[in-house]
Every structure is written in structure tokens, then in C-alpha cells.
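Read-outs throughout are calculated quantities, based only on the coordinates presented, and are distinct from any laboratory measurement. It should be emphasised that the depicted structure is a prediction, and the values quoted were computed from it without experimental measurement. A quick note on method: Cβ atoms are made from the backbone with ideal geometry, for glycine too, and the neighbour counts reach across all protein chains shown.
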Amino acid sequence: MKALTPEEALEIYHAGPEAVVKALCELSAAVERLERRVKELENQLAQNSRNSNKPPSSDVFNRPKSLRPKSKRKPGGQKGHPGQTLQIVENPDHITWHKVDKKCSCGHVLKDQTVQTYRRRQVFDIPPIKVQVTEHRAEVKTCPQCGLTHKAPFPEEVAAPVQYGSNLKAIAVYLRGYQLLPSQRTAELFEDLFSCPISEGVLDSILKESSAHLEEPVERIKEQLKVSSSVNFDETSISSNGDTHWLHTASTKELTYYSIHQRRGQEAMNDIGILPEFQGTAIHDNLSAYFTYKQCRHGLCNAHHLRELVFIKENYDQSWAGEMIKCLLKMKHKSEKAREANQRQLSQRQIKYFERRYQSIVEKGYKANPLRDPLGGGNKRGRPKKGKARCLVERFDIHRQKVLAFMYDFNVPFDNNLAERDIRMAKLKQKISGTFRSEEMAHDFCRIRSFISTVRKQSRKVIEAIGTIFSGSPLIPVHG
């Protein structure tokens with residue numbers, strides 16, 4: 001809409017009252033549209049990791065304060081923490097003597113004087129690392145009586161004239177799958193630290209081999225997740241060969257399972273095969289596909305809710321949002337205290353109080369966000385937009401049992417942070433290395449990362465667990 005010139009304005013004025021009214025109505029409608037658009041853009045700029053689901057890496061200008069309440073603990077290691085300070089060992093690998101061979105100030109030569117005692121200082125260091133080559137020689141003998149030739153067999157793991165050993169392969173998987181190094185930098189590391197040239201293609205083949213060995217252990221992880229009491233689910237976009245795929249994760253405190261799929265919703269969840277058979281409590285965000293699984297219970301992530309409430313409080317100035325933040329955090333605090341006191345649930349009096357408080361806040365939310373009259377004018381077809389605040393109020397109302405699941409069952413976590421932390425590592429892999437070159441490589445990464453994340457959660461040494469992959473009997477993680 002271009003600005004009116006003085007001549008055009010006079011022309012409308014002289015055209016009579018009807019023309020003036022029409023022009024003013026059109027101008028008013030245009031101003032309303034622009035104000036609405038400006039508000040939308042301001043809301044987009046106001047979103048950050050504190051008040052929306054945007055990742056912290058997108059907080060370019062103003063780093064928001066954390067929603068986490070301040071701890072009373074002092075900075076640094078806490079009381080009882082074992083620490084990592086070096087301690088003198090009784091049996092060092094090498095001893096270097098520093099002798100007293102000078103003259104005393106009185107002129108006496110001390111070189112041959114008997115040593116009375118000594119002082120100790122120890123240096124912890126890594127010796128130069130060099131790849132060792134082990135040659136396997138299989139004897140060949142001929143029977144002197146019948147002339148038949150006999151050959152000693154090579155070990156099963158020595159299948160080629162020249163090959164890399166299991167320890168080297170384990171280190172390659174550790175660097176690629178756990179430390180998330182790109183293939184080029186991993187190859188450089190082998191050259192620089194071990195003086196062992198290795199190509200990126202060989203590194204990829206090692207990952208493929210380890211993935212094949214991990215098929216059974218990772219399938220066992222999947223089966224254990226199906227029978228867990230509560231599992232955290234999440235999904236995120238990820239690039240594979242230039243196309244957008246979806247990385248799905250299912251997590252507990254001791255188990256992690258990753259899978260990649262071309263779809264995000266129910267089709268992918270059915271193909272992955274955990275949710276269709278799961279009968280515990282599924283913790284997740286508000287993605288509608290999760291609610292199609294009626295055979296299990298559901299718990300919604302309240303970390304998402306807190307961020308959305310902060311946004312509504314700060315950008316729409318709605319007081320009910322601040323009250324709901326305080327209410328949810330109070331419920332969380334009381335539930336944690338009761339759990340620490342070995343209680344199975346809150347008292348009925350506390351539950352009834354929080355339910356009444358919750359209902360009162362939801363009613364305030366409805367009053368602050370009434371539905372627009374669909375017959376109230378306008379040329380747009382269909383239902384009018386509800387807006388962020390109204391949608392959130394309706395979610396709190398319709399899914400209240402799922403929002404408050406953590407209060408009714410102490411086995412249900414308050415948020416879905418566990419799954420989000422697990423999925424963050426896969427996103428970090430993509431930030432470091434870029435897109436997966438093929439869907440097959442993405443599946444291999446998911447299988448390897450499922451194994452590594454699980455053994456890490458179970459307090460096992462990752463490099464030792466990876467070493468079992470190439471031993472012929474890979475570790476099968478089993479939780480409690």
C-alpha cells in the first residue's frame with residue numbers, strides 16, 4: 001500500500017462522506033495488518049533458548065539467563081567429591097637418580113659419601129607411541145612317509161596378509177563414535193600420534209564392521225527399552241546425503257537407542273518398533289504422533305512448558321503464565337522432597353491443593369486469551385488463529401494428567417531433558433562433521449552411538465567396551 005499524495009487525499013475528500021469513510025476503513029484495516037505483522041516479527045526476535053525450543057547456539061545477541069534456580073553450593077568440587085589430584089605411587093615404572101657429587105663448603109668431596117635418604121618427585125607422562133607389527137607365521141610341513149603337506153591354521157581374526165589390529169580399530173571407533181572427530185582429523189591423529197597412515201575409506205570400513213558386530217547388543221538395548229517403566233522420547237532433524245531425515249531417540253538413565261528415518265511422525269515410530277509395544281510411561285514433547293499410542297501412559301515435558309510460559313509472560317505480559325511457572329516449580333520441589341523422604345507419592349491433601357491451584361490458573365489463562373468470534377468479520381476463511389498463549393492454555397487443560405504425571409508418579413521425570421541431552425550429541429556430530437554421506441553411514445552411527453551412550457551411562461569404560469566389539473563376543477549391556 002503506497003502513501004496517498006495531497007492531491008489524492010483532496011480528491012477523496014471532495015468525493016463525499018462515503019468515499020472518506022471507505023478510505024478510512026481501508027487504512028484502519030491496513031494498519032491492523034501491519035501491527036499484527038510487526039508483533040509477529042517482534043515475537044520471533046524475542047525467542048531464545050530460555051523462552052522457546054530454540055537451541056542455545058542460536059542465542060546470538062543476548063545470552064539469556066538460565067531457568068534453573070540458583071544453587072546454594074559453592075563453586076568447585078563438593079564435599080565428598082573424590083577429585084582427580086595426582087598421588088605419589090609406590091612402584092613407579094622408571095626411576096632416575098640425581099646424585100650429590102659436589103664439594104661441601106668445608107671442602108670435603110661428597111661423591112662417594114653414603115646416601116642417607118632421598119626425596120621423591122614423580123612425573124606422569126605418556127611415552128612415545130609407535131604401532132607394533134606382529135607377524136603370524138603358520139608352519140608348513142610335509143609328511144616324510146606319504147608326502148602329504150600340512151599347514152598350521154592362522155587365528156580366525158588374522159584373515160588377510162596385512163591388516164589392522166583390534167586395538168587400533170577400537171581407537172578409531174572411540175574417536176569417531178565417542179569423541180565425534182571427523183574422518184579427516186582422525187586420519188591426521190593416527191599419523192601424528194601413532195606414525196600410522198590410515199585412509200578415510202579404511203576408517204569408514206572400520207565403522208561399518210563395528211556396526212555389524214553391534215547388531216545383537218543394540219537389539220538387546222531396544223528390547224529392554226520396550227519393557228522399561230518409563231522412557232524418554234525425542235526426535236530432531238538431521239542431514240543425510242543432503243536430504244533432511246529425522247533422528248529418533250529412546251532413553252532411560254541406563255539405556256539409549258538411536259534410529260534414523262525419513263519421517264518424523266507415526267510412520268517412523270511404527271518402523272522403529274519401540275512405541276507400538278511399549279506399555280510404560282512415555283515422556284515426550286507435544287508432538288501429536290505420540291498421542292496415537294493408547295496402550296501406554298504419557299507424560300509431557302515441563303521444561304518445554306516453562307520456556308513457553310516465560311515467553312508469554314515477557315512478551316504478552318500475562319500474569320497467569322508467571323503463576324503457572326511458580327506452581328509447576330513448587331510441585332517439582334515438593335515431589336523431590338517427598339522422594340528423598342522415601343515417599344511413594346504426595347499426600348492427598350497436597351495433591352488436591354495443587355490440582356485446585358492448577359485449575360485456577362488455567363481459568364485465568366482462558367480469560368486472558370478468549371477465542372475470537374469467527375463471525376466477527378474479516379475475509380479469511382476457516383477458523384481464526386488461536387495464538388501461542390491460547391494453545392498452551394488448552395494444552396494445560398486437555399492434557400493436565402500428562403502435564404502433572406510427575407506429581408502422581410515419582411517414577412515419571414518432570415521434563416524430557418534426558419532424551420534431549422542424548423540427542424544433543426548427535427546434533428554435535430553433525431555440527432562438527434557435516435552431513436552423513438549416505439543413509440547407511442547414518443544408520444551405522446546410530447547403532448554405534450546407541451552402544452557407546454549405553455555403556456557410558458552404566459559407568460563402564462568406553463574404550464574397553466568398544467574393544468569387546470572386535471573380540472568376537474561384544475559386550476551386551478544389561479540394566480538393573
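Tabulated data for the structure shown
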item	result
Links that overshoot a 30 Å alpha carbon limit, given the list LYS337/LYS402; LYS102/LYS130; LYS253/LYS402; LYS169/LYS427	LYS102/LYS130
Expected 222 nm ellipticity per residue - DSSP helices of 4 or more, -39500 (n - 2.57), all of the chain, to 500	-14000 deg cm²/dmol
Local electrostatic count at ALA23 - Lys and Arg +1, Asp and Glu -1, tallied over other residues with Cβ under 11 Å	-3
³J(HN,Hα), Karplus 6.51/-1.76/1.60, whole Hz, each residue of region 112-128, x for Gly, Pro	9, 6, 5, 6, 7, 7, 8, 9, 10, 9, 10, 10, 8, 8, 10, x, x
Beta bridges per DSSP with both ends in the chain, % antiparallel, nearest 5	70 percent
Order of ILE260, ILE126 - criterion: other Cβ atoms within 10 Å of each residue's Cβ, fewest first	ILE126, ILE260
Derived scalar couplings ³J(HN,Hα) [region 9-17; Karplus, 6.51 cos²θ - 1.76 cosθ + 1.60; whole Hz; x for Gly, Pro]	5, 5, 4, 5, 4, 6, 6, x, x
With at most 12 neighbouring Cβ atoms within 10 Å, loop chymotrypsin sites (Phe, Trp or Tyr not before Pro) (DSSP) excluded, longest segment of the chain	125-480
Nearest 10 degrees, 0 to 90: helix 215-226 Cα axis against the chain principal axis	40 degrees
Helix 200-213 vs. the chain, principal-axis angle (Cα, 0 to 90°, nearest 10)	90 degrees
Degrees, to the nearest 10: 348-368 long Cα axis against longest axis of the chain	50 degrees
Total charge dipole magnitude, region 344-473, about the Cα centre, Cβ charges on Lys, Arg, Asp, Glu only, Debye to nearest 20	600 debye
Positive-end residue, region 140-212 charge dipole about Cα centroid, Cβ charges, pick of SER210, ALA159, GLN145	GLN145
About the Cα centre, charge dipole magnitude for the chain (Lys/Arg +1, Asp/Glu -1 at Cβ), debye	2500 debye
Cβ-Cβ FRET estimate between VAL109 and THR85, R0 fixed at 41 Å, reported to 0.05	0.50
Per-pair calculated FRET efficiency, R0 = 22 Å: SER473 and LEU168 via Cβ, rounded to 0.05	0.70
Added length on full extension, which subtracts the Cα-Cα distance from 0.36 nm per residue, LYS130 to LYS99	7.9 nm
